[in-house]
Amino acid sequence: MDNNTQKGVPYLTHLELLLVVAIWAGTFISTKYVLTEISPALSALYRYGIASLILLVIDYNNPETIRRSDYGRITFLGATGVTLYYLLQHYGINYTNATDASILISLSPVFIACISWTLLKERVKPATILGLVLALAGCILVITNGDVAIKNNQGRWWGDLLILLTAVSWALYSVFGKKILAAYTIRTIVKYTTWVGTVLLIPFSLPELARVEHFSLSWIGWLNLFYLGGLASVYGYLAWYRALAKLPSVTVGSYLYFRPFLTGLMAAVVLHERISGYIIAGGFLIIAGTYLSVKK
C-alpha cells in the first residue's frame with residue numbers, strides 16, 4: 001500500500017462511519033412505524049431473523065468457525081449487541097419519541113470511553129475529553145429542548161431509562177468486540193454474534209409468536225423490517241467493525257453523536273416531531289464535540 005493510499009484509508013473510514021450513522025438515524029423512524037403493527041419483542045426478532053438469513057447467504061462459503069474457547073465471548077457479544085440492545089431499544093422507543101431515543105443512545109460513547117480507559121488502557125487526549133463534554137452538553141440541550149420540566153410524563157421516563165440502558169449495552173458490545181477482532185474476520189464475528197443474538201431473542205417473543213398473524217403486516221411494515229435487518233443491521237455492523245479495526249474505540253464511538261441531530265431532522269419531517277432552536281444549537285455542539293474527539 002503506497003503512502004497516498006495509507007493516508008486515504010482513515011478518511012474513507014470516517015466517511016463510511018458517517019454513512020452508517022445516517023442509516024442508523026433512520027432506524028428510529030422505521031422502528032416507530034413497525035411498532036404500530038407488532039410488539040417490540042417480535043419486531044426485534046423479525047429484524048434479526050432477516051439479518052441472520054442475509055448473513056447466511058452472503059457468507060455461506062466462509063469456512064472460518066469460532067473456537068470453543070471463544071464461545072463465551074461470542075455469546076456475550078450476541079447478548080449485549082443484539083438481544084439486550086434491541087429488546088431495550090424497541091421497548092424504549094415504544095414509550096418515548098424517536099428524538100429522545102436517539103439522543104440517549106448517543107451517550108454510549110461516554111460509556112465506551114470509560115470502559116476503554118479502564119480496561120483497554122487506550123490513551124485519551126485532553127481534546128478528546130473536551131469533545132466528549134461538548135457533545136454531551138449538546139445531547140442534554142436537545143433532550144431538554146430548553147424545558148427542564150420535560151420529564152413529567154412517567155411513561156416517557158420509563159422509555160428513556162430503557163434507552164439509557166441500551167447505550168450501556170452498546171458500549172459493552174463495542175469495547176469487548178474490539179478485543180476479539182484480532183482472532184477472527186469481521187464477517188465471522190458479525191455473523192455469529194447475530195445468529196446467537198437472534199436465538200436469544202426467541203424466548204422473549206414466544207407469546208407473540210403463538211398468536212400473531214405474521215404475514216398480516218403491511219408491505220410498508222415489511223419494507224421497514226428489511227431496512228432495519230439488512231441495511232442497518234448487516235451493513236451497519238460490518239462497517240462498524242471495520243472502523244473499530246482501524247480507529248480507537250473512543251473515536252469510533254464519538255460518531256454516534258451525529259445520530260440524534262439526524263434523527264431529529266428525520267422525525268420532524270416524517271413523524272412531525274417538533275424541532276426547535278435548542279435542537280439545532282445542540283446539534284452544532286454535537287458536531288463540534290465529535291470533531292474534537294476525532295481530531296489528531
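A few notes on this one:
- Within region 180-296, helices (runs of 4 or more DSSP H) holding 1 or more residues that are more than 25 Å from Ser116 (Cα to Cα) and either touching a His at 6+ places or on another chain (Cβ under 9 Å) or of a type outside the set (Gly, Ala, Ser) (or both): 186-211, 219-226, 258-270, 277-294
- Some residue of region 194-211 being closer than 28 Å to Leu136 by Cβ and touching a residue at least 24 places away in the same chain (Cβ under 8 Å): no
- Tabulated pairs, region 173-193, first over 12 Å from Thr75 (Cα atoms), second surrounded by fewer than 18 Cβ atoms within 10 Å (Cβ to Cβ) and among the hydroxyl-bearing types (Ser, Thr, Tyr), C-beta under 9 angstrom, 6+ apart or interchain: Thr188/Thr65
- Each residue in region 52-78 was checked for being closer than 14 Å to Trp195 by Cα and touching a helix residue (DSSP H, G or I) at 6+ places or on another chain (Cβ under 6 Å), and 9 of them qualify.
- Verdict on Tyr11 being over 30 Å from Ala281 (Cβ atoms), of a type in the set (Phe, Trp, Tyr), free of Cβ contacts under 8 Å to residues at least 40 places away in the same chain and in a helix (DSSP H, G or I): no
- Whether a residue is within 22 Å of Thr185 (Cβ to Cβ) and surrounded by fewer than 21 Cβ atoms within 10 Å (Cβ to Cβ) was assessed, and Ala245 passes this test.
- Every pair of residues 6+ apart whose Cβ atoms lie under 6 Å, when the first sits in region 19-34 and is under 14 Å from Ile103 (Cβ atoms) while the second is of a type in the set (Val, Ile, Thr) and modelled with pLDDT under 95: Ala25/Thr263; Phe28/Thr263
- Note on region 157-179: residues that are farther than 16 Å from Leu238 by Cβ and either polar (S, T, N, Q) or not in a helix (DSSP H, G or I) (or both) amount to 2.
- None of Ile66, Ile93 is in contact (Cβ under 8 Å) with a residue 40 or more places away in the chain, aliphatic (A, V, I, L, M), farther than 26 Å from Val250 by Cβ and not in a helix (DSSP H, G or I) except Ile66.
- Subset tally (residues that are surrounded by fewer than 20 Cβ atoms within 10 Å (Cβ to Cβ) and either of a type in the set (Ser, Thr, Tyr) or within 20 Å of Leu132 (Cβ to Cβ) (or both)) for region 263-291: 7
- Test: residue in region 205-215 that is among the charged types (D, E, K, R), buried (at least 18 other Cβ atoms within 10 Å of the Cβ) and either under 30 Å from Leu42 (Cβ atoms) or in contact with a helix residue (DSSP H, G or I) (Cβ under 8 Å, 6 or more places away or on another chain) (or both): no
- In region 108-131, the residues that are part of a loop (DSSP other than H, G, I, E, B) and modelled with pLDDT under 75 reach residues that are among the hydrophobic types (A, V, I, L, M, F, W, C) and crowded, with 20+ Cβ neighbours inside 10 Å with C-beta atoms within less than 9 angstrom, at least six apart or across chains, in these pairs: Glu122/Ala113; Glu122/Val250; Val124/Ala113; Val124/Leu132; Val124/Val250.
- Considered as a group, the residues in region 19-38 that are surrounded by fewer than 19 Cβ atoms within 10 Å (Cβ to Cβ) and within 18 Å of Ser205 (Cβ to Cβ) include one that is nearest to the chain's Cα centre (by Cα), and that residue is Leu35.
- Residue within region 90-102 that is surrounded by fewer than 24 Cβ atoms within 10 Å (Cβ to Cβ), closer than 27 Å to Ser52 by Cα and at pLDDT 80 or above present: yes
- Arg156 at pLDDT below 80 and within 22 Å of Pro248 (Cα to Cα): no
The values are calculated or read from the model by the stated rules, or taken from the named source; none is laboratory data. Computed from a predicted model, the values in this text were never measured in an experiment. Methodologically, a virtual Cβ is constructed for each residue, glycine included, from the backbone with ideal geometry; neighbour enumeration extends over all protein chains shown.
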